[in-house]
1. Between residues in segment 120-145 that are open to solvent by less than 60 Å² (accessible area, probe 1.4 Å) and residues that are part of a loop (DSSP other than H, G, I, E, B) and among the hydrophobic types (A, V, I, L, M, F, W, C), which pairs lie under 6 Å by C-beta distance while being six or more apart or on different chains?
2. Any idea which of A406, A448, A442 is small (G, A, S), open to solvent by 40 Å² or more (accessible area, probe 1.4 Å) and over 29 Å from K350 (Cβ atoms)?
3. If you check every pair at least six apart or on different chains, which have Cβ atoms under 6 Å apart with a residue in segment 355-377 that is under 29 Å from S239 (Cβ atoms) first and a residue that is assigned to a loop (DSSP other than H, G, I, E, B) and among the aliphatic types (A, V, I, L, M) second?
4. Among the residues of segment 463-471, is any under 25 Å from M436 (Cα atoms), surrounded by fewer than 21 Cβ atoms within 10 Å (Cβ to Cβ) and among the hydroxyl-bearing types (S, T, Y)?
5. For residues that are assigned to a loop (DSSP other than H, G, I, E, B) and closer than 20 Å to W144 by Cα, scanning just segment 80-105, find the one that is most open to solvent (accessible area, probe 1.4 Å).
6. Please go through segment 580-595 and give me each residue that is over 15 Å from R707 (Cα atoms) and open to solvent by 20 Å² or more (accessible area, probe 1.4 Å), ordered by number.
7. If V76 meets every condition in (1) open to solvent by 10 Å² or more (accessible area, probe 1.4 Å); (2) β-branched (V, I, T); (3) under 29 Å from E710 (Cβ atoms) apart from one, which number is that one?
Amino acid sequence: MRFLLRFVVFATFAVLPATLFSQKRPITEKDLFAFAWIGDSQLSPDGSSVAFVQATVTPNHDGYQTAIYLLDLKKVGSTPQVLTTGPRDTSPHWSPDGKQIVFLRSVEKEGKFGPAQLYLKAIGGDVNPIRLTDMAKGVSSPSWSPKGDALVVASQTPQDQDAAKLEAAKLARATGDDAHVSDVRIIDREVYRFNGEGYLDASLVPQLYLVYLPKADGTQAAPWQLTGGRFGVEEYVWSHDSKWLYYTSLREEEPYYDATDHNAIYGIEVETGENHAKGLPEAKFTDELKISAHGLAVSPDGKHIAFHAAENPVPPANLASHQQSDLWVLDLAWDGDKPSASALRNLTAKLSYEMGGGVGGDNTAPRGAGHAPIVWSADGGHLTDVAAKDGSALLVSVDVNSGDVAELTQAKQAVVGYTASGDAKTVVALISNPLMIGDLFAIGDGKAQTQLTHVNDALFSKLDLSMPQEMQVAPTVHAGDLHGQTIDTFVQLPPGFDASKKYPLILNIHGGPHSAYGWIFDHEMLWMAARGYVVVYPNPRGSTSYGQSFANVIEDNYPNDDFHDLMDTVDAVVKLGYIDPEKLGVTGGSGGGLLTDWTVTQTNRFKAAVAQRDIVDWANWWYTADIGEFRQYWMKPAPFDNLQAYRDRSPLTFVNNIRTPMMFILGDADYRTPPTAGGEVFFRALKYKKIPTVMVRFPRESHELSRSGEPWHRVERLENIVNWFDKYLMGVCEPQYDVAPVGNAGCKGR
């Protein structure tokens, strides 16, 4: 087996004297309680200040609180100042003149936080914010009109009057003189609940509302509903003259029957004054297209709309499991003051960049994260965007005419988000790397980066952390499918690593499968290493950021060859000589949980396994998951028409091969990978087979447990994973996992 080992050192991390390292300590699971996360960041119109969301853990460690901070860029080394106090303030947006800011605030009442409403605050002084909306379902996605005289927000709205009456009829049941409000749900759609949200109300859809500013006398006109009907609005953007709103909408009753995901781009002409005619005329710009547009951005001259979308695939049989996200431009033709679609161009179709993409970590802001926009240059010749490539997330500039891409930031880090001035000349990016959760950096010429915030420096200055090593491992199975590509692999070593010693190893498998590990902060990897493990976390075939063909080579073959890639990476690290081959563990979440289950059915080399939010029975998952899998990519068609294909790729089929003690980490509110299709099944099977096994169930937690679950639950998840490995790889006593006391013979204390 051939492999290349590279040690990666950033110039920004200087070598410190050994005496300083002796004063540092390993990171702990509970350090999460002290983390601070920067989220949505917005540059002022003149580029002199940045408003950003900062999230922290609540004092009792049961949730998160957010406030908005203001950083003055004119003063070098200035400290961010609190602009709003929270505890649930998000989505800051500057007025076009830079004198005011709007944001979303949820207010607590009787122990519960209500829906978010829109607030307005003047910059400077101590004037309290003014609430601008009081809508029953709250508002989201605020956006100023470029003229600055009004804003548009989205709010959940009854589909139409008839739908509202029908819903009322479903709920109200007269019984004599008494009225009974039913709590029974009548479900008639395949997608009826969603991970993290619970049951969906199909009678409500997001519509756009125009919100007016208060007048000089303190009065304020009521919000004006701009869109309506049976179908809601997804995303929207203003034209630069404030006359048009462009938005996307998916207008199919049951889109999961279609072979491709697609929406359309629409537009309405808007008059921001208070005198409106009902029924604003609507224009449709992408009638014939079968693509799903998101991230709309209008050019300064109003003649082009940029957005992200996957290339239109050939339906239905050749629908690839992963369609790379590209950067597109829709050209508009104008007849007087009326636009129409002229041409559509995919700028990055032949490139391996995942436009608008990123790499996976476990510590982006759990609330108020925001998103990375597409930004036009002042002359309309270039687009700034975030793109994933080779395990990094980069800020890039794309030539609108040629599609040429120039990288604006350094590799081996992750741009999580960014904000830019109107002319795109001033750019501030939120950047993470394996030693930094995320801070704001000013981006200069030649990939220069100047750090502006240091939100976690006080804590991290005390921690003994090291960058992961990077390996390129040559695959041994069906390598021709990869056309010479290697398996990008990260290796996190324990503090005080000594290559002459033998260490236990944990193979950590990412989910998706179409996602990627990368150069981003991962508390989990650092914590496992701090407990004495070498952590190996690869990007096997199927991973994103390495080109569409690399991601899609697992189509109709998942899991299978990706498993062999994982074993090749373990073999490569073992050959380095510092791993005890008798002390190997494996874990992973979601798709990584599935691969963990698959691994222990294919080999007995691992002495312990922890499957998190997993799938063991594809057919069961097809019937119960929250996402519409009528277009199943990895086994086609439906299980009752091709059950053998589902069985061939289900770990449950090979359960009799398991000899490995297994733990299952499961969220009780996980609808993405329901426990009944995963860990619950294997737990019962392993109990029957008398193989050591436990389930660790997390109440209230969805599929996002590891990233935005309740802080205490995130900590307890980490503790249980490592405790299980300690028990079977280190011989540590962990009696909480024993059915009955077993004594201390051969069992070490901590």
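1. L120/L132; T133/V139; G138/A116
2. On the way: A406 fails: over 29 Å from K350 (Cβ atoms); A442 fails: open to solvent by 40 Å² or more (accessible area, probe 1.4 Å).
Exactly one residue qualifies, and that residue is A448.
3. The qualifying pairs are V375/A424; S377/A424.
4. Taking segment 463-471 first, the residues under 25 Å from M436 (Cα atoms) are 463-471.
Subset that is surrounded by fewer than 21 Cβ atoms within 10 Å (Cβ to Cβ): 463-467, 469-470.
From the residues that got through so far, the ones that are among the hydroxyl-bearing types (S, T, Y) too are 466.
Within segment 463-471, one or more residues are under 25 Å from M436 (Cα atoms), surrounded by fewer than 21 Cβ atoms within 10 Å (Cβ to Cβ) and among the hydroxyl-bearing types (S, T, Y).
5. Step one: of segment 80-105, the residues assigned to a loop (DSSP other than H, G, I, E, B) are 80, 85-87, 95-99.
Imposing the further condition that a residue be closer than 20 Å to W144 by Cα reduces the set to 95-99.
On the way: S95: 3, P96: 55, D97: 96, G98: 23, K99: 135 Å².
Here the residue is K99.
6. D580, P581, E582, K583
7. The single condition V76 does not satisfy is (3).
Conditions (1) open to solvent by 20 Å² or more (accessible area, probe 1.4 Å); (2) within 28 Å of I520 (Cβ to Cβ); (3) among the acidic types (D, E), marked per residue:
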{"residue": "A333", "(1), (2), (3)": "yes, no, no"}
{"residue": "L344", "(1), (2), (3)": "yes, no, no"}
{"residue": "G358", "(1), (2), (3)": "yes, yes, no"}
{"residue": "P366", "(1), (2), (3)": "yes, yes, no"}
{"residue": "L394", "(1), (2), (3)": "no, yes, no"}
{"residue": "K412", "(1), (2), (3)": "yes, yes, no"}
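The values are calculated or read from the model by the stated rules, or taken from the named source; none is laboratory data. This is a predicted model, so every value here is computed, not measured. Backbone-built Cβ (ideal geometry, glycine too); neighbour counts: all protein chains shown. Surface accessibility is based on the protein's heavy atoms, side chains included, excluding ligands, DNA and RNA. Shrake-Rupley method; radii C 1.70, N 1.55, O 1.52, S 1.80 Å.
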